[in-house]
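Okay, so here's the structure we're looking at.
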Amino acid sequence: MSYADLLAGVPLFAGLADADRNALAAHLEEQPLKAGEQVFAKGDAGSSLYVVASGAVQIFLPASDSGPRVVLKDIRTGEYFGELSLFDDKPRSASAEAEVETVVLRLTREDFVLHLTSSREAALAILAEMSERLRETNSLLSQRAATNVVKEIEENLTWGQRLADKVAALNGSWTFILFVLGLTAFWCLANAIHDFVFDAYPYAFYNLALTILVSLQGPLIVMSQNRETMKDRARAETDFRVNLKNEIGLETFIRELAAFRAETEKRLGGIERKKAQHGDSL
């Protein structure tokens, strides 16, 4: 696959004419990487776009004291990353590392800007693509990331699990305490009448029934507690995903908005200069 064909797979350059893509492909620089070698680190100054010619690159947030490394995306052959650095001088928002022996193609901001300034059609095509990506980002951020995991878990419970939850809820209520006290009083009074004695003191049958009840309560309560722990863990994972999406989404949105604004101001400035030059010529 030629370098121009690889650029055609990058949405940012999909709208360019073949001549423009070939011109940009001529500026691509091959950069071989060993497995585990870092392309750039979070916080580094960004000035290049990369296209994976072969191999794979992992985009991630580095591990910190508050948690392990967070993998954002795995970039395969023909895919790209770091494109926003072509428009601004902001630091990298994530790190990139080769997963296997990899070859990436590097396009610098200087070469990119040089071509845009010499091709009006290419500049308009890039602006159109950036506008579309901004709309897609707005659509993504408007979607719901949170789910009611507790409701999903409860809807998939078996009848045995539902019974365990009901037993655990009943055991932790005054209703159960008053029921046991009332049953005990009734049992003692009923067996105090000599004509109707069916479980004489010390109430061996009643003690056996209570022992069986207690032996069954323990496992059922533990089952319910384990399920509550599972719900808490699912809620925590959902909260983490929501927070991560919000953090990445807001950062991406701000960067893309800044890039779009900078490019728009640049193009408007160019149009104003051309108008002024055209007016002077008249």
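One table, with the values for the structure above:
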read-out	value
Strands (runs of 3 or more DSSP E) enclosed by region 1-83 - at least 1 residues per element that are small (G, A, S)	48-54
Per-region count, region 88-119, residues within 28 Å of the chain's Cα centre (by Cα) and of a type in the set (V, I, T)	4
Residues of region 80-99 satisfying the condition of being out of contact with any Lys or Arg (no Cβ under 9 Å at 6 or more places or on another chain) and surrounded by fewer than 21 Cβ atoms within 10 Å (Cβ to Cβ)	E97, E99
Of the criteria (1) farther than 23 Å from G43 by Cα; (2) modelled with pLDDT of 75 or more, which one H278 fails	(2)
Whichever residue in region 60-82 is among the aliphatic types (A, V, I, L, M) and over 13 Å from the mean Cα position of the chain (by Cα) and, among such residues, is nearest to L105 (Cα to Cα)	I75
Candidate set from region 89-124 (those that are assigned to a helix (DSSP H, G or I), touching a residue at least 40 places away in the same chain (Cβ under 8 Å) and of a type in the set (G, A, S)); member that is nearest to F260 (Cα to Cα)	A123
Pairs, first free of Cβ contacts under 8 Å to residues at least 24 places away in the same chain in region 14-38, second assigned to a loop (DSSP other than H, G, I, E, B), C-beta under 8 Å, six or more apart	A25/S2
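Table: residues versus (1) acidic (D, E); (2) modelled with pLDDT of 75 or more; (3) closer than 22 Å to A259 by Cβ; (4) within 32 Å of the chain's Cα centre (by Cα).
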{"residue": "I126", "(1), (2), (3), (4)": "no, no, yes, yes"}
{"residue": "L134", "(1), (2), (3), (4)": "no, no, yes, yes"}
{"residue": "T137", "(1), (2), (3), (4)": "no, no, yes, yes"}
{"residue": "A168", "(1), (2), (3), (4)": "no, yes, no, no"}
{"residue": "H194", "(1), (2), (3), (4)": "no, no, no, no"}
{"residue": "Y201", "(1), (2), (3), (4)": "no, yes, no, no"}
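The values are calculated or read from the model by the stated rules, or taken from the named source; none is laboratory data. Remember, predicted model here, so these are calculated numbers, not experimental data. With ideal geometry, Cβ positions are generated from the backbone for all residues, glycine too; neighbour counts draw on all protein chains shown.
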